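Let me begin by presenting the structure, written as C-alpha coordinates, before commenting on it.
The values are calculated or read from the model by the stated rules, or taken from the named source; none is laboratory data. These numbers were taken from a predicted model, which means no experiment stands behind them. When we count neighbours, we look across all protein chains shown, and the Cβ atoms used for this are built from the backbone with ideal geometry, even at glycine. For the accessible areas, the whole protein counts, side chains as well, though only heavy atoms, and no ligand, DNA or RNA atoms are used. Shrake-Rupley method; radii C 1.70, N 1.55, O 1.52, S 1.80 Å.
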2 protein chains.
Amino acid sequence: MITVDWTDPGGEGLRERKKRQTRQLLTDTATEMFLDRGFDAVRVAEVAAACGVSEKTVYNYFPTKESLVVDHPDTAIATLRPALASAKSPVDAVLTVLAGELRAVASWLASQPDAVERFARFAALIDATPPLRAYQREMAGRLVGVIAEAIAARAGVPSDDPEPQIVAIALVGLWRVQFAALARYVDGRPASELVDAVTADVRRAADLLVGGLGGCDQLGITRS
Amino acid sequence: MITVDWTDPGGEGLRERKKRQTRQLLTDTATEMFLDRGFDAVRVAEVAAACGVSEKTVYNYFPTKESLVVDHPDTAIATLRPALASAKSPVDAVLTVLAGELRAVASWLASQPDAVERFARFAALIDATPPLRAYQREMAGRLVGVIAEAIAARAGVPSDDPEPQIVAIALVGLWRVQFAALARYVDGRPASELVDAVTADVRRAADLLVGGLGGCDQLGITRS
DNA sequence: CTATCAACTTTCAGTGACTGTAAAGTTCGC
DNA sequence: GCGAACTTTACAGTCACTGAAAGTTGATAG
(Lines give C-alpha, C1' and ligand atoms only; values in the text may rest on other atoms or scores of the structure.)
Protein backbone atom coordinates (compact mmCIF):
# COMPACT_ATOMS: atom_id res chain seq x y z
CA MET A 1 0.00 0.00 0.00
CA ILE A 2 2.63 2.47 0.99
CA THR A 3 5.00 0.75 -1.36
CA VAL A 4 6.05 2.91 -4.21
CA ASP A 5 6.06 0.20 -6.84
CA TRP A 6 9.78 0.27 -7.56
CA THR A 7 9.74 -0.61 -11.23
CA ASP A 8 12.11 -3.41 -11.99
CA PRO A 9 14.10 -3.38 -15.21
CA GLY A 10 12.47 -5.36 -17.99
CA GLY A 11 14.73 -8.42 -17.92
CA GLU A 12 12.24 -10.56 -16.07
CA GLY A 13 10.73 -13.92 -16.87
CA LEU A 14 7.07 -14.67 -16.73
CA ARG A 15 7.68 -16.56 -13.53
CA GLU A 16 9.14 -13.58 -11.74
CA ARG A 17 6.43 -11.29 -12.96
CA LYS A 18 3.69 -13.58 -11.72
CA LYS A 19 5.35 -13.80 -8.35
CA ARG A 20 5.55 -10.06 -8.07
CA GLN A 21 1.93 -9.73 -9.12
CA THR A 22 0.77 -12.33 -6.64
CA ARG A 23 2.72 -10.69 -3.86
CA GLN A 24 1.26 -7.32 -4.69
CA LEU A 25 -2.23 -8.72 -4.98
CA LEU A 26 -1.89 -10.30 -1.57
CA THR A 27 -0.76 -7.19 0.26
CA ASP A 28 -3.26 -5.01 -1.52
CA THR A 29 -6.32 -7.10 -0.90
CA ALA A 30 -5.23 -7.99 2.60
CA THR A 31 -4.75 -4.33 3.49
CA GLU A 32 -8.08 -3.49 1.96
CA MET A 33 -9.84 -6.18 3.93
CA PHE A 34 -8.09 -5.21 7.16
CA LEU A 35 -9.07 -1.58 6.67
CA ASP A 36 -12.65 -2.59 6.09
CA ARG A 37 -13.20 -5.12 8.81
CA GLY A 38 -10.26 -4.85 11.18
CA PHE A 39 -7.14 -6.96 11.40
CA ASP A 40 -8.49 -9.54 13.80
CA ALA A 41 -11.76 -10.04 12.00
CA VAL A 42 -10.06 -11.19 8.82
CA ARG A 43 -8.66 -14.69 8.68
CA VAL A 44 -5.68 -15.46 6.53
CA ALA A 45 -7.72 -18.12 4.78
CA GLU A 46 -10.14 -15.41 3.67
CA VAL A 47 -7.37 -13.33 2.19
CA ALA A 48 -6.15 -16.39 0.36
CA ALA A 49 -9.62 -17.14 -0.94
CA ALA A 50 -10.13 -13.54 -2.04
CA CYS A 51 -6.94 -13.79 -4.05
CA GLY A 52 -7.79 -17.18 -5.52
CA VAL A 53 -4.82 -18.79 -3.89
CA SER A 54 -4.25 -21.42 -1.24
CA GLU A 55 -3.61 -20.41 2.33
CA LYS A 56 -0.23 -22.07 2.27
CA THR A 57 0.80 -19.89 -0.65
CA VAL A 58 0.16 -16.81 1.42
CA TYR A 59 2.62 -18.19 3.93
CA ASN A 60 5.08 -18.95 1.18
CA TYR A 61 5.19 -15.24 0.43
CA PHE A 62 4.77 -13.79 3.90
CA PRO A 63 6.08 -15.15 7.17
CA THR A 64 3.25 -13.77 9.28
CA LYS A 65 -0.20 -12.28 8.97
CA GLU A 66 1.19 -8.92 10.06
CA SER A 67 3.74 -8.82 7.29
CA LEU A 68 0.84 -8.69 4.84
CA VAL A 69 0.30 -5.10 5.89
CA VAL A 70 3.79 -3.80 6.50
CA ASP A 71 5.11 -4.90 3.16
CA HIS A 72 8.88 -5.08 2.78
CA PRO A 73 10.16 -4.17 6.20
CA ASP A 74 13.65 -4.75 4.84
CA THR A 75 13.41 -1.91 2.39
CA ALA A 76 14.28 0.59 5.09
CA ILE A 77 17.30 -1.43 6.11
CA ALA A 78 18.45 -1.81 2.55
CA THR A 79 18.29 1.94 2.16
CA LEU A 80 19.76 2.71 5.52
CA ARG A 81 22.91 0.66 5.30
CA PRO A 82 24.49 2.47 2.36
CA ALA A 83 23.31 5.78 3.74
CA LEU A 84 25.14 5.06 6.96
CA ALA A 85 28.24 4.19 5.00
CA SER A 86 28.27 7.29 2.88
CA ALA A 87 26.83 9.99 5.11
CA LYS A 88 29.00 12.17 7.26
CA SER A 89 27.27 10.96 10.42
CA PRO A 90 24.57 8.57 11.56
CA VAL A 91 22.29 11.48 12.25
CA ASP A 92 22.64 12.70 8.70
CA ALA A 93 22.10 9.22 7.37
CA VAL A 94 18.91 8.74 9.33
CA LEU A 95 17.55 12.14 8.41
CA THR A 96 18.31 11.48 4.77
CA VAL A 97 16.57 8.15 4.76
CA LEU A 98 13.59 9.58 6.60
CA ALA A 99 13.34 12.43 4.13
CA GLY A 100 13.42 9.94 1.31
CA GLU A 101 10.64 7.89 2.82
CA LEU A 102 8.62 11.01 3.43
CA ARG A 103 8.98 12.06 -0.18
CA ALA A 104 7.88 8.64 -1.32
CA VAL A 105 4.80 8.74 0.87
CA ALA A 106 3.97 12.27 -0.23
CA SER A 107 4.16 11.39 -3.88
CA TRP A 108 2.00 8.36 -3.29
CA LEU A 109 -0.49 10.56 -1.49
CA ALA A 110 -0.61 12.81 -4.50
CA SER A 111 -0.99 9.97 -6.95
CA GLN A 112 -4.45 8.84 -5.95
CA PRO A 113 -7.62 10.74 -5.21
CA ASP A 114 -8.58 8.97 -1.99
CA ALA A 115 -5.02 8.47 -0.85
CA VAL A 116 -5.24 10.82 2.10
CA GLU A 117 -8.26 9.16 3.57
CA ARG A 118 -6.77 5.72 3.00
CA PHE A 119 -3.54 6.66 4.65
CA ALA A 120 -5.37 8.04 7.65
CA ARG A 121 -7.30 4.83 8.00
CA PHE A 122 -4.10 2.89 7.52
CA ALA A 123 -2.35 4.73 10.33
CA ALA A 124 -5.36 4.33 12.56
CA LEU A 125 -5.43 0.61 11.81
CA ILE A 126 -1.83 0.18 12.91
CA ASP A 127 -2.34 2.28 16.01
CA ALA A 128 -5.39 0.31 17.00
CA THR A 129 -3.95 -3.14 16.36
CA PRO A 130 -1.49 -4.42 18.95
CA PRO A 131 0.03 -7.10 16.76
CA LEU A 132 0.73 -4.55 14.06
CA ARG A 133 2.30 -2.17 16.51
CA ALA A 134 4.41 -5.04 17.77
CA TYR A 135 5.50 -5.79 14.25
CA GLN A 136 6.41 -2.17 13.74
CA ARG A 137 8.51 -2.27 16.89
CA GLU A 138 10.23 -5.39 15.69
CA MET A 139 11.24 -3.65 12.53
CA ALA A 140 12.46 -0.73 14.60
CA GLY A 141 14.51 -3.16 16.64
CA ARG A 142 16.27 -4.33 13.52
CA LEU A 143 17.06 -0.77 12.59
CA VAL A 144 18.57 -0.24 16.01
CA GLY A 145 20.86 -3.17 15.42
CA VAL A 146 21.98 -1.87 12.05
CA ILE A 147 22.66 1.64 13.30
CA ALA A 148 24.40 0.50 16.45
CA GLU A 149 26.67 -1.70 14.39
CA ALA A 150 27.53 1.09 12.02
CA ILE A 151 28.38 3.47 14.85
CA ALA A 152 30.36 0.86 16.70
CA ALA A 153 32.28 -0.12 13.60
CA ARG A 154 33.18 3.46 12.87
CA ALA A 155 34.28 4.07 16.45
CA GLY A 156 36.02 0.75 16.79
CA VAL A 157 34.10 -0.38 19.83
CA PRO A 158 31.78 -3.34 20.47
CA SER A 159 28.26 -2.69 19.20
CA ASP A 160 26.73 -3.51 22.57
CA ASP A 161 28.62 -0.74 24.30
CA PRO A 162 26.27 1.76 25.89
CA GLU A 163 26.98 4.62 23.52
CA PRO A 164 26.20 2.95 20.19
CA GLN A 165 23.14 1.35 21.73
CA ILE A 166 21.59 4.45 23.18
CA VAL A 167 22.36 6.56 20.14
CA ALA A 168 20.86 3.98 17.84
CA ILE A 169 17.74 3.70 19.96
CA ALA A 170 17.30 7.43 20.08
CA LEU A 171 17.79 7.82 16.36
CA VAL A 172 15.36 5.06 15.48
CA GLY A 173 12.86 6.93 17.60
CA LEU A 174 12.80 9.47 14.82
CA TRP A 175 10.92 6.98 12.67
CA ARG A 176 8.16 6.92 15.21
CA VAL A 177 8.15 10.69 15.34
CA GLN A 178 7.85 10.89 11.59
CA PHE A 179 5.10 8.31 11.47
CA ALA A 180 3.18 10.06 14.22
CA ALA A 181 3.55 13.41 12.52
CA LEU A 182 2.41 11.95 9.23
CA ALA A 183 -0.62 10.42 10.87
CA ARG A 184 -1.47 13.65 12.62
CA TYR A 185 -1.05 16.05 9.75
CA VAL A 186 -2.20 14.03 6.80
CA ASP A 187 -5.81 14.65 7.61
CA GLY A 188 -5.79 18.30 8.52
CA ARG A 189 -3.22 20.01 6.39
CA PRO A 190 -3.24 20.61 2.67
CA ALA A 191 -0.89 18.30 0.83
CA SER A 192 1.43 21.14 -0.01
CA GLU A 193 2.22 21.83 3.61
CA LEU A 194 2.38 18.21 4.69
CA VAL A 195 5.99 17.54 3.92
CA ASP A 196 7.11 20.74 5.59
CA ALA A 197 5.05 20.13 8.70
CA VAL A 198 6.31 16.59 9.12
CA THR A 199 9.87 17.60 8.40
CA ALA A 200 9.61 20.31 11.00
CA ASP A 201 8.53 17.82 13.65
CA VAL A 202 11.31 15.43 12.80
CA ARG A 203 13.81 18.22 12.83
CA ARG A 204 12.65 19.45 16.21
CA ALA A 205 13.10 15.96 17.60
CA ALA A 206 16.48 15.53 15.96
CA ASP A 207 17.68 18.89 17.23
CA LEU A 208 16.66 17.91 20.70
CA LEU A 209 18.69 14.73 20.44
CA VAL A 210 21.73 16.37 18.95
CA GLY A 211 21.69 19.37 21.23
CA GLY A 212 20.99 17.35 24.31
CA LEU A 213 17.82 16.75 26.26
CA GLY A 214 18.63 19.81 28.32
CA GLY A 215 18.51 21.90 25.20
CA CYS A 216 14.96 23.16 25.21
CA ASP A 217 14.47 23.11 28.92
CA GLN A 218 11.72 25.59 29.35
CA LEU A 219 9.94 22.87 31.25
CA GLY A 220 12.37 20.61 32.97
CA ILE A 221 13.23 17.52 31.07
CA THR A 222 16.59 17.26 32.72
CA ARG A 223 17.51 18.15 36.24
CA SER A 224 17.52 21.89 36.77
CA MET B 1 12.49 -15.19 38.81
CA ILE B 2 13.87 -11.73 38.88
CA THR B 3 10.93 -10.78 41.03
CA VAL B 4 11.96 -9.85 44.49
CA ASP B 5 9.08 -11.54 46.26
CA TRP B 6 7.50 -8.38 47.65
CA THR B 7 6.17 -9.69 50.90
CA ASP B 8 2.60 -8.66 51.40
CA PRO B 9 1.37 -7.60 54.85
CA GLY B 10 -0.23 -10.38 56.78
CA GLY B 11 -3.86 -9.35 56.41
CA GLU B 12 -4.53 -11.86 53.67
CA GLY B 13 -7.12 -14.55 53.32
CA LEU B 14 -6.36 -18.11 52.41
CA ARG B 15 -7.73 -17.43 48.97
CA GLU B 16 -5.28 -14.67 48.23
CA ARG B 17 -2.37 -16.62 49.61
CA LYS B 18 -3.10 -19.62 47.44
CA LYS B 19 -3.39 -17.43 44.41
CA ARG B 20 -0.05 -15.84 45.11
CA GLN B 21 1.52 -19.22 45.64
CA THR B 22 0.07 -20.64 42.46
CA ARG B 23 1.21 -17.63 40.50
CA GLN B 24 4.71 -17.91 41.88
CA LEU B 25 4.81 -21.64 41.27
CA LEU B 26 3.79 -21.10 37.68
CA THR B 27 6.44 -18.51 36.84
CA ASP B 28 9.12 -20.41 38.69
CA THR B 29 8.57 -23.78 37.11
CA ALA B 30 7.89 -22.25 33.71
CA THR B 31 11.13 -20.27 33.81
CA GLU B 32 13.00 -23.34 34.96
CA MET B 33 11.60 -25.41 32.13
CA PHE B 34 12.28 -22.71 29.57
CA LEU B 35 15.87 -22.40 30.76
CA ASP B 36 16.32 -26.12 30.50
CA ARG B 37 14.71 -26.89 27.19
CA GLY B 38 14.14 -23.57 25.46
CA PHE B 39 11.04 -21.45 25.23
CA ASP B 40 9.62 -23.02 22.10
CA ALA B 41 10.22 -26.57 23.19
CA VAL B 42 7.98 -26.26 26.22
CA ARG B 43 4.24 -26.30 25.73
CA VAL B 44 1.99 -24.40 28.06
CA ALA B 45 0.16 -27.63 28.75
CA GLU B 46 3.39 -29.10 30.09
CA VAL B 47 3.91 -26.22 32.46
CA ALA B 48 0.36 -26.68 33.67
CA ALA B 49 0.89 -30.38 34.16
CA ALA B 50 4.15 -29.81 36.01
CA CYS B 51 2.30 -27.52 38.38
CA GLY B 52 -0.62 -29.88 38.82
CA VAL B 53 -3.01 -27.40 37.35
CA SER B 54 -5.20 -27.21 34.29
CA GLU B 55 -3.97 -25.39 31.21
CA LYS B 56 -6.85 -22.96 31.43
CA THR B 57 -5.78 -21.97 34.92
CA VAL B 58 -2.43 -20.89 33.54
CA TYR B 59 -4.26 -18.58 31.21
CA ASN B 60 -6.38 -17.31 34.07
CA TYR B 61 -3.21 -16.03 35.67
CA PHE B 62 -1.16 -15.03 32.64
CA PRO B 63 -2.39 -13.54 29.39
CA THR B 64 0.33 -15.09 27.26
CA LYS B 65 3.02 -17.71 27.37
CA GLU B 66 5.65 -14.99 27.36
CA SER B 67 4.27 -13.34 30.45
CA LEU B 68 5.17 -16.50 32.36
CA VAL B 69 8.78 -15.43 32.14
CA VAL B 70 8.63 -11.66 32.44
CA ASP B 71 6.54 -11.69 35.56
CA HIS B 72 4.82 -8.47 36.50
CA PRO B 73 5.67 -6.13 33.67
CA ASP B 74 3.50 -3.53 35.35
CA THR B 75 5.74 -3.30 38.35
CA ALA B 76 8.07 -0.96 36.52
CA ILE B 77 5.17 1.27 35.54
CA ALA B 78 3.79 1.29 39.03
CA THR B 79 7.15 2.42 40.31
CA LEU B 80 7.80 4.85 37.53
CA ARG B 81 4.63 6.89 37.76
CA PRO B 82 5.13 8.24 41.27
CA ALA B 83 8.82 8.70 40.57
CA LEU B 84 7.95 10.88 37.61
CA ALA B 85 5.60 12.89 39.76
CA SER B 86 8.04 13.49 42.55
CA ALA B 87 11.42 13.73 40.87
CA LYS B 88 12.85 17.00 39.70
CA SER B 89 12.96 15.76 36.12
CA PRO B 90 12.08 12.76 33.98
CA VAL B 91 15.74 11.93 33.67
CA ASP B 92 16.12 11.80 37.41
CA ALA B 93 13.00 9.74 37.74
CA VAL B 94 14.18 7.18 35.22
CA LEU B 95 17.64 6.96 36.72
CA THR B 96 16.16 6.51 40.16
CA VAL B 97 13.86 3.72 39.07
CA LEU B 98 16.66 2.03 37.18
CA ALA B 99 18.92 2.23 40.19
CA GLY B 100 16.19 0.68 42.31
CA GLU B 101 15.72 -2.18 39.91
CA LEU B 102 19.45 -2.71 39.76
CA ARG B 103 19.67 -2.87 43.53
CA ALA B 104 16.86 -5.40 43.60
CA VAL B 105 18.55 -7.60 41.04
CA ALA B 106 21.88 -7.32 42.81
CA SER B 107 20.43 -8.38 46.12
CA TRP B 108 18.66 -11.27 44.44
CA LEU B 109 21.96 -12.27 42.86
CA ALA B 110 23.55 -12.28 46.28
CA SER B 111 20.77 -14.28 47.87
CA GLN B 112 21.32 -17.57 46.09
CA PRO B 113 24.44 -19.53 45.33
CA ASP B 114 23.77 -20.25 41.65
CA ALA B 115 22.04 -16.96 41.03
CA VAL B 116 24.70 -15.56 38.75
CA GLU B 117 24.70 -18.52 36.46
CA ARG B 118 20.91 -18.58 36.39
CA PHE B 119 20.70 -14.92 35.56
CA ALA B 120 23.19 -15.33 32.74
CA ARG B 121 21.13 -18.15 31.30
CA PHE B 122 18.01 -16.10 31.81
CA ALA B 123 19.40 -13.17 29.86
CA ALA B 124 20.63 -15.48 27.14
CA LEU B 125 17.19 -17.05 26.93
CA ILE B 126 15.52 -13.72 26.36
CA ASP B 127 18.11 -12.66 23.83
CA ALA B 128 17.73 -15.87 21.92
CA THR B 129 13.95 -15.97 21.92
CA PRO B 130 12.22 -13.60 19.52
CA PRO B 131 8.82 -13.74 21.21
CA LEU B 132 10.40 -12.83 24.53
CA ARG B 133 12.31 -9.96 23.00
CA ALA B 134 9.07 -8.79 21.44
CA TYR B 135 7.35 -8.95 24.81
CA GLN B 136 10.17 -6.93 26.32
CA ARG B 137 9.76 -4.31 23.62
CA GLU B 138 6.05 -4.18 24.27
CA MET B 139 6.69 -3.41 27.89
CA ALA B 140 9.16 -0.75 26.80
CA GLY B 141 6.47 0.72 24.60
CA ARG B 142 4.19 1.11 27.57
CA LEU B 143 6.91 2.88 29.47
CA VAL B 144 7.33 5.28 26.58
CA GLY B 145 3.68 6.13 26.79
CA VAL B 146 3.84 6.78 30.52
CA ILE B 147 6.93 8.98 30.31
CA ALA B 148 5.71 10.91 27.29
CA GLU B 149 2.46 11.65 29.09
CA ALA B 150 4.25 12.84 32.19
CA ILE B 151 6.50 15.16 30.22
CA ALA B 152 3.66 16.47 28.13
CA ALA B 153 1.48 17.07 31.15
CA ARG B 154 4.22 18.98 32.87
CA ALA B 155 4.91 21.09 29.79
CA GLY B 156 1.26 21.52 28.93
CA VAL B 157 1.54 20.13 25.42
CA PRO B 158 -0.08 17.15 23.71
CA SER B 159 1.72 13.92 24.50
CA ASP B 160 2.16 13.07 20.84
CA ASP B 161 4.17 16.18 20.17
CA PRO B 162 7.62 15.36 18.89
CA GLU B 163 9.51 16.45 21.98
CA PRO B 164 7.80 14.32 24.62
CA GLN B 165 7.85 11.38 22.25
CA ILE B 166 11.51 11.46 21.38
CA VAL B 167 12.59 12.17 24.93
CA ALA B 168 10.51 9.31 26.25
CA ILE B 169 11.85 6.93 23.65
CA ALA B 170 15.42 7.91 24.38
CA LEU B 171 14.96 7.57 28.11
CA VAL B 172 13.33 4.17 27.87
CA GLY B 173 16.37 3.12 25.89
CA LEU B 174 18.22 3.29 29.17
CA TRP B 175 16.38 0.18 30.31
CA ARG B 176 17.87 -1.69 27.43
CA VAL B 177 21.29 -0.32 28.23
CA GLN B 178 20.97 -1.44 31.81
CA PHE B 179 19.76 -4.88 30.84
CA ALA B 180 22.56 -5.27 28.33
CA ALA B 181 25.14 -4.15 30.84
CA LEU B 182 23.76 -6.53 33.43
CA ALA B 183 23.87 -9.40 31.00
CA ARG B 184 27.41 -8.56 29.99
CA TYR B 185 28.93 -8.01 33.38
CA VAL B 186 27.11 -10.51 35.53
CA ASP B 187 29.26 -13.31 34.33
CA GLY B 188 32.69 -11.74 34.35
CA ARG B 189 32.84 -9.35 37.25
CA PRO B 190 32.78 -10.06 40.94
CA ALA B 191 29.45 -9.24 42.50
CA SER B 192 30.91 -6.34 44.38
CA GLU B 193 31.80 -4.47 41.20
CA LEU B 194 28.66 -5.42 39.32
CA VAL B 195 26.47 -2.58 40.45
CA ASP B 196 29.16 -0.01 39.83
CA ALA B 197 29.97 -1.33 36.39
CA VAL B 198 26.34 -1.38 35.32
CA THR B 199 25.67 2.02 36.82
CA ALA B 200 28.64 3.41 34.97
CA ASP B 201 27.28 2.18 31.65
CA VAL B 202 23.85 3.60 32.32
CA ARG B 203 25.35 6.88 33.37
CA ARG B 204 27.48 7.11 30.27
CA ALA B 205 24.39 6.60 28.15
CA ALA B 206 22.35 9.08 30.16
CA ASP B 207 25.09 11.68 29.98
CA LEU B 208 25.20 11.26 26.25
CA LEU B 209 21.47 11.87 26.04
CA VAL B 210 21.47 14.83 28.36
CA GLY B 211 24.57 16.45 26.92
CA GLY B 212 23.54 15.83 23.37
CA LEU B 213 24.58 13.25 20.84
CA GLY B 214 27.34 15.61 19.78
CA GLY B 215 28.80 15.48 23.24
CA CYS B 216 31.32 12.71 22.92
CA ASP B 217 32.08 13.21 19.31
CA GLN B 218 35.50 11.73 19.08
CA LEU B 219 34.11 9.60 16.28
CA GLY B 220 31.35 11.40 14.47
CA ILE B 221 27.89 10.60 15.68
CA THR B 222 26.61 13.94 14.56
CA ARG B 223 27.71 15.95 11.61
CA SER B 224 31.16 17.43 12.08
C1' DC C 1 7.82 -29.52 -30.65
C1' DT C 2 8.53 -32.38 -26.82
C1' DA C 3 10.69 -34.43 -22.83
C1' DT C 4 12.58 -33.07 -18.71
C1' DC C 5 13.79 -30.58 -14.74
C1' DA C 6 13.09 -27.27 -11.28
C1' DA C 7 10.25 -24.13 -9.03
C1' DC C 8 5.84 -23.19 -7.37
C1' DT C 9 1.22 -24.32 -5.70
C1' DT C 10 -2.04 -27.11 -3.55
C1' DT C 11 -3.87 -30.49 -0.47
C1' DC C 12 -3.83 -32.44 3.80
C1' DA C 13 -3.02 -33.43 8.25
C1' DG C 14 -1.23 -31.61 12.26
C1' DT C 15 0.69 -28.50 16.26
C1' DG C 16 -0.01 -25.34 19.74
C1' DA C 17 -1.49 -20.84 21.71
C1' DC C 18 -5.51 -18.99 23.30
C1' DT C 19 -10.84 -18.42 24.32
C1' DG C 20 -15.68 -19.24 25.86
C1' DT C 21 -18.82 -21.92 28.51
C1' DA C 22 -20.88 -24.66 31.80
C1' DA C 23 -20.25 -27.71 35.56
C1' DA C 24 -17.77 -28.97 39.78
C1' DG C 25 -15.07 -27.64 43.60
C1' DT C 26 -13.35 -23.95 47.30
C1' DT C 27 -13.41 -20.27 50.34
C1' DC C 28 -15.75 -16.67 52.80
C1' DG C 29 -19.29 -14.16 55.50
C1' DC C 30 -22.95 -15.30 58.38
C1' DG D 1 -23.43 -25.58 58.43
C1' DC D 2 -25.26 -22.73 54.51
C1' DG D 3 -25.64 -19.84 50.71
C1' DA D 4 -22.99 -16.53 47.86
C1' DA D 5 -18.91 -15.37 45.52
C1' DC D 6 -15.10 -17.00 43.44
C1' DT D 7 -11.79 -20.58 41.16
C1' DT D 8 -10.70 -24.35 38.79
C1' DT D 9 -11.65 -27.75 35.46
C1' DA D 10 -13.10 -30.27 31.39
C1' DC D 11 -14.36 -29.64 26.89
C1' DA D 12 -14.92 -28.01 22.56
C1' DG D 13 -13.49 -24.82 19.41
C1' DT D 14 -10.80 -21.01 16.58
C1' DC D 15 -6.97 -19.67 14.11
C1' DA D 16 -2.06 -18.76 12.92
C1' DC D 17 1.40 -21.36 11.16
C1' DT D 18 4.17 -25.73 9.52
C1' DG D 19 5.83 -29.91 7.08
C1' DA D 20 5.34 -33.43 3.54
C1' DA D 21 3.77 -35.34 -0.61
C1' DA D 22 1.56 -34.91 -4.88
C1' DG D 23 0.14 -32.04 -8.69
C1' DT D 24 0.98 -28.08 -11.92
C1' DT D 25 3.47 -24.82 -14.57
C1' DG D 26 7.35 -22.12 -16.55
C1' DA D 27 12.09 -22.71 -18.26
C1' DT D 28 15.27 -25.40 -21.02
C1' DA D 29 17.79 -28.80 -23.71
C1' DG D 30 17.53 -31.84 -27.47
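Nm distances between the label at A:GLY156 and the same-position labels in the remaining copies, 7 Å along Cα→Cβ, shortest first?
List, nearest first: 5.1 nm.
List every DSSP H helix in chain B whose Cα atoms extend 15 Å or more along the helix's own long axis and whose mean Kyte-Doolittle hydropathy is at least 1.0.
B:90-111
Total accessible area buried between chains A and B, 1.4 Å probe, in Å² to the nearest 100?
So the buried area, both faces added, is about 3900 Å².
Can you check what the net charge comes to around B:ARG121, using other residues whose Cβ is under 13 Å from the Cβ of B:ARG121 (Lys, Arg +1; Asp, Glu -1)?
On the way: positive: B:ARG37, B:ARG118; negative: B:GLU32, B:ASP36, B:ASP114, B:GLU117, B:ASP127, B:ASP187.
Charge balance near B:ARG121 sits at -4.
What ratio of Cα Rg to 2.2 N^0.38 Å holds for segment A:74-213?
Against the compact-globule rule of thumb, the ratio is 1.09.
Probe radius 1.4 Å, ligands and nucleic acids ignored: give me the carbon and sulfur share of the accessible area of segment A:14-68 as a rounded percent.
Working: 1550 of 3230 Å².
Roughly 48 percent of what the probe reaches on segment A:14-68 is carbon or sulfur.
Provide the solvent-accessible area of A:VAL116, counting protein heavy atoms only and rolling a 1.4 Å probe, rounded to the nearest 10 Å².
50
Quick one: how many lysine pairs does the protein assembly as shown have with C-alpha atoms less than 17 Å apart and a gap of 8 or more or different chains? Give me the count, please.
Details: A:LYS18/A:LYS56; A:LYS19/A:LYS56; A:LYS56/A:LYS65; B:LYS18/B:LYS56; B:LYS19/B:LYS56; B:LYS56/B:LYS65.
Close lysine pairs under the 17 Å cut-off: 6.
Using heavy-atom solvent-accessible surface (probe 1.4 Å) with all chains present, what is the largest-first order of A:THR129, A:THR22, B:THR96?
Reading off the accessible areas and sorting them downward yields B:THR96, A:THR22, A:THR129.
Could you calculate the contour length gain from A:ASP187 to A:ASP114, that is, 0.36 nm times the residue separation minus the distance between their Cα atoms, to one decimal place in nm?
25.1 nm
Determine the per residue accessible area of segment B:14-68 with all protein chains present and a 1.4 angstrom probe, expressed in square angstrom. All intermediate terms of the calculation are to be shown ahead of the outcome.
Numbers: 3230 Å² over 55 residues.
For segment B:14-68, the solvent-accessible area averages 59 Å² per residue.
Please give, to one decimal in nm, the separation of the simple spin-label points placed at B:ASP207 and A:THR199, each 7 Å out from Cα toward the Cβ.
3.7
How far is A:GLN21 from itself in the other copies, in nm, if each label sits 7 Å out from Cα along the Cα-Cβ line, shortest first?
6.7
Which trypsin sites (Lys or Arg not before Pro) from segment B:46-143 combine a DSSP loop assignment with at most 13 other Cβ atoms within 10 Å?
B:LYS88
How large are Rg and Dmax for the protein assembly as shown when only the alpha carbon atoms are used, in Å?
23.5, 77
Work out which residues of segment A:165-191 lose at minimum 50 square angstrom of accessible surface when the other protein chains are put back, relative to the chain isolated, with a 1.4 angstrom probe, and list them by number.
Going by heavy-atom accessible area, the residues of segment A:165-191 that drop by at least 50 Å² are A:ILE166, A:VAL167, A:ILE169, A:ARG176, A:ARG184.
Counting only heavy atoms of protein chains, what accessible area per residue, in Å², does segment B:107-224 have with a probe of 1.4 Å?
Solvent-accessible surface per residue comes out at 44 Å².
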